[in-house]
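The values are calculated or read from the model by the stated rules, or taken from the named source; none is laboratory data. What you are looking at is a predicted structure, and each value in this text was computed from that prediction instead of being measured. As a convention, Cβ positions derive from the backbone with ideal geometry for all residues, glycine included, and neighbour counts pool all protein chains shown. Ligands, DNA and RNA are stripped out before the accessible areas are found, and what is left, the full protein with its side chains, is counted by its heavy atoms. Shrake-Rupley method; radii C 1.70, N 1.55, O 1.52, S 1.80 Å.
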Amino acid sequence: MPLFHKKAVKPVQYHENNNSVHPSQPPNHHPPSANGSSNKSELVKPQVPPTPNSPVQLMFHCQLAHGSPTGFITGFSSVKELYQKIAEYYDFPTDEILFCTLNSHKIDMSKLLGGQIGLDDFIFAHRKGRPKEIEIEKSEDALGLTITDNGAGYAFIKRIKEGSVIDRIPHIKIGDHIERLDGVNVVGKRHYEVARMLKDITTGTTFTLRLVEPMTSGFQGIGPRGGAGKTGKSKGYGTGKETLRFKSNGSAAIEDERDEAAQAGIDAINALLDSFMGINDAELASQIWDLGCNKTNSMDFAEAIDASDLEAFGFTDDFIIELWGAVTDARQGRMKKL
C-alpha cells in the first residue's frame, strides 16, 4: 500500500515570529527574514502522491530551536545528510548544528534525534552558541558525565550525575558540546573515544575543557501548537507508528515502531552502555539488539559482534555477558519499556 494514502490531517497554525513558509513554496525555498511579511499561514503537512515508478519523497517540518520560520526538509538518508539539508535550507554552515531534538525546541535529551525519526515528527535543530573554557580538578575517579554524539562528529553532554564532580560546576550544562580536552581537538571523535579520554585522566590532576553551549536566545513559544483555547498539545506530530530508521551502512528505511519487548531490551542495553562506558547511544543499542535478538546463546552473540563494525569498541567478555542478559531478559518479558 502506498505510504501516503492516509486521511488528510486538519490544518494546524504555527507562529514563528510572524513569519511562515507556505507549503506551496518549493522545498529549496529559503525562509523569509525577520523583516518579512507578518501574515500568518496555516501549514498542512504536504501529501506527496507516489507514482508507480518513483519512490515516495518524505518531507519533514523543521525549525531552528532558538527561533525561525518553519521549513520543509527532504531528500536525506542519514543524520549527516539531514544536517546538510537543514543548513542549506537556512543558509548557514553545516558544522553549526550541534544536534536535533524531535517535537520539542528545548534542550531535552529524552527528545534527542538518534538513529530514527517518526514520519510525523517535527525536527528542531540546535545551533552552536557561546564557547567556554573551564578548568576542572578530577577529585574523584568518576566525573559523573554521560556522553553521546550527534552522528556527525560532535560529542556532547547528555546527562550529569547529581552530586558528581561535574554537577558541582554550575557553568557546565546538559547539551554542551565537548570541543577540546586539554587543548586536544576532539571534534570528529566518537562519544566512547571522548569518554575514554576523560576516564584516563589521572585522579587528582587538573584539566581544561573547552565547551560550546547550544544557542538559546530567541522566542520561547515555538513549535507545533494547538489552536487558541485548546489544551496546547501538538496535533499530528510525534504520534505515528512508522519510523524512518537510519542504517549503519548509510541507507534508510521505513519500519514499524518496535514492539514493547524490543524497546525494553534496547533501553536496557543503552543503560549498560551508560554504566560501563559513560556513553548514551540509542542507535548503538539498537544495533546490539539486532545482533542478539535472534541468537540462541551468548557465544553466537559474541561472534556476531566480533564480525560486525562493533568489534572496534573492544567489548570485554564480561560486558558481552551483561548485554546478552539484557537481550534474553527482554525477549522473555522480564523487563518493561523504560
Hey, could you check segment 154-169 for residues that are over 17 Å from Phe276 (Cα atoms) and among the β-branched types (Val, Ile, Thr) and say which is most open to solvent (accessible area, probe 1.4 Å)? Ile169
Across segment 117-133, the tally of residues that are part of a loop (DSSP other than H, G, I, E, B) and either at pLDDT below 90 or surrounded by fewer than 21 Cβ atoms within 10 Å (Cβ to Cβ) (or both) stands at 2
When you scan segment 295-327, how many residues do you find that are in contact (Cβ under 8 Å) with a residue 40 or more places away in the chain and of a type in the set (A, V, I, L, M, F, W, C)? 5
Scanning segment 170-180 for residues that are open to solvent by 10 Å² or more (accessible area, probe 1.4 Å) and either at pLDDT 95 or above or not β-branched (Val, Ile, Thr) (or both) gives Pro170, His171, Lys173, Glu179, Arg180
Options Gly67, Gly114, Gly75: the member that is assigned by the TED database to the domain that holds Glu179 and at pLDDT below 85: Gly114
Which condition number in (1) outside any loop (DSSP other than H, G, I, E, B); (2) surrounded by 11 or more Cβ atoms within 10 Å (Cβ to Cβ); (3) modelled with pLDDT of 85 or more is the one that Phe315 fails? (1)
Pull up segment 264-304, narrow it to residues that are among the aromatic types (Phe, Trp, Tyr) and either over 28 Å from Thr101 (Cα atoms) or open to solvent by less than 40 Å² (accessible area, probe 1.4 Å) (or both), then point me to the one that is farthest from the chain's Cα centre (by Cα). Phe301
Evaluate the following for Lys45: is it modelled with pLDDT under 95, open to solvent by 50 Å² or more (accessible area, probe 1.4 Å), of a type in the set (D, E, K, R) and not assigned by the TED database to the domain that holds Asn280? no
Take Gly151 and decide whether it is surrounded by 14 or more Cβ atoms within 10 Å (Cβ to Cβ) and either modelled with pLDDT under 90 or assigned by the TED database to the domain that holds Asp281 (or both). yes
